[in-house]
Amino acid sequence: MNQASAGHLLGLIRSGQAATRGELQRVTGLSRSTVGSRLDQLFRAGWIREVAGPPPEAPTGGRPAVRLEFDASHAVVLCADLETRHARAAVLALDGTLLAEHSGALLINQGPRAAIDRLTRWFAELLEKAGASPDAVCGVGLSVPGPVDAAAARVVQPPMMPGWDGYPVREEMQRALAASVGGRGPVPVLVENDANLMAYAEQRHAYRDCSAFLLIKVSTGIGAGVVVDGEMYRGFDGGAGDIGHIRLSEHPHALCRCGSYGCLAAVASGRALAEQLTAAGIPTASGSGVRDQLSVGQPDAVRLAREAGRLVGGVLATVVTLLNPGVLMIAGDLAGPPFLTGVREVLYQRAMPRATAYLQVVTSRLGDHAGLTGAAAMVVESLYAPDQADLRLAAMAGERRPDVIPATNE
Ligand SMILES: [Zn+2]
């Protein structure tokens, strides 16, 4: 990383390590004039602004210094959180503030093309509702219920997303946005697993000090997200946390959507509980249907959720022993007292006391917005990371000076 770059100074400002020109000089060892010219690049881009006075938490008493801060309103992010039967789409400011939101039916099993078409239509309407120009969009973040190759922005062998395997989501989303939203040109499109993004958002929101954070999402499917030292842990090729398809020896005849028998998701997911409730004469379509039954205390739903919690707790005893998290968050449609009670019953019984001694078992703080919040944070952290910020600043400088012909290798 170039220590002297504008992107690096932006990083120091965004992280709170430096808030004034003097502090930037001290932290970087750069001269006053170099700091000034680097900051000019950031001002020209509209990425930072000056505000008067010290931060409220650190009053100095003397003359209030001019403080530099990241301008979270200079661009917007488009995000969508896809579930199996519905989706949420939103326009967010760079600090995660929701500017406009829509949620509606979207069947993920109808394939990526239909989903992308519908999402881009929603995005166009949402930008108008938020009063934001298509030119202000700096990136797109998508949360999906399946394993993801994040570098390629593709879903990989998803059990619940027929037609999505290897589909070029980034390229098709850029094409659809150009057709129905407009804007200056293709913007980065990032795709990530839903449990990973929820974990990322929740850890940043309320558990920043927790260096090992584990979130279990139990909705129509079951997945886990792990955040270690503030970063998503994706595993070797994006498959980390796909615990829904761990086989349980005690349920050899339960057929799973993935084609195997005995998976955790085949007996303890929202989909499995919906089927069990339907068989018991209580028609329930999906994980969100189970959530509705739980919210009115339907006795069969409560009993089944507690049993499902026990089954998940059995798997979590192993997961918690391996990861030693400080926080275990249970999120998704089934997350509620009956399910948590089941998890605790088996987790504490089967895991070594050492692994659970300081473990906090909690429920979601961000609720249904965790996926969107995580997707926006992922996009912003990627686009404004020092190296990426420098590349974008260089590209903008090139755009502003069309008379300068870039050097080529030809
Ligand atoms: Zn399975």
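The numbers here are math on the coordinates, done by the rules we state, and not lab data. Just so you know, these numbers come straight off a predicted model, no measurement behind them. Methodologically, a virtual Cβ is constructed for each residue, glycine included, from the backbone with ideal geometry; neighbour enumeration extends over all protein chains shown.
GNM remark for the chain: springs join alpha carbons under 10 Å apart, and the peak mean-square fluctuation among Val218, Val319, Val137 falls on Val319. In plain terms, the chain from Val228 to Ala206 could stretch by 6.5 nm, reckoned as 0.36 nm per residue minus the Cα-Cα distance. Given in Å, the Rg to one decimal and the Dmax to the nearest whole number for the Cα atoms of the stretch 81-231 are 15.3, 43.
Taking other Cβ within 10 Å of each residue's Cβ, how do His86, His369, His253 sort, fewest first?
Values: His86 15, His369 21, His253 7.
Fewest-to-most ranking of His86, His369, His253: His253, His86, His369.
Could you identify which residue out of Met161, Met396, Met198 has the top mean-square fluctuation in a GNM of the chain using Cα springs shorter than 10 Å? Most flexible of the set in this elastic network: Met396. Helix 194-206 and the longest principal axis of the Cα set of the chain meet at an angle near 60°. Considering helices alone, the calculated mean residue ellipticity of the chain at 222 nm is -13000 deg cm²/dmol, with DSSP H runs of length four and up weighted by -39500 (n - 2.57) and normalised per residue. Against the main long axis of the alpha-carbon atoms of the chain, helix 386-400 sits at an angle near 50°.
Helix 6-15 and the longest principal axis of the C-alpha atoms of the chain enclose an angle of approximately 50°. Among the chymotrypsin sites (Phe, Trp or Tyr not before Pro) in the stretch 200-260, those placed in a DSSP loop whose Cβ has at most 11 other Cβ atoms within 10 Å are Phe236.
Give a quick list of GluC sites (Glu not before Pro) in the stretch 242-335 that DSSP marks as loop, anything other than H, G, I, E or B, with at most 14 other Cβ atoms within 10 Å. Intermediate results must be reported in sequence, preceding the final value.
Details: sites: Glu250, Glu275, Glu307; in loops: Glu250.
Here the GluC sites (Glu not before Pro) that fit, given the DSSP loop and packing criteria, are Glu250.
List the chymotrypsin sites (Phe, Trp or Tyr not before Pro) within the stretch 332-389 that DSSP assigns to loop and that have no more than 16 neighbouring Cβ atoms inside 10 Å. The qualifying sites are Tyr358. Distance between the modelled labels on Glu399 and His74, one decimal in nanometres: 1.2 nm (7 Å Cα→Cβ projection). Rounded to the nearest 0.05, the FRET efficiency derived from the C-beta distance between Thr20 and Gln349 at R0 = 60 Å is 0.65. When only Cα pairs under 8 Å and 6 or more residues apart are kept, what is the percent relative contact order across the chain? Value for the chain: 15 percent. Compactness of the chain was expressed as the Cα radius of gyration divided by 2.2 N^0.38 Å, which yields 1.08.
Full-extension gain between Arg175 and Arg365, please, as 0.36 nm times their residue separation minus the C-alpha to C-alpha distance. If you can, show how the numbers build up before the last one.
Numbers: separation 190, 0.36 × 190 = 68.40 nm, distance 3.53 nm.
Stretched out fully, the Arg175 to Arg365 stretch lengthens by 64.9 nm.
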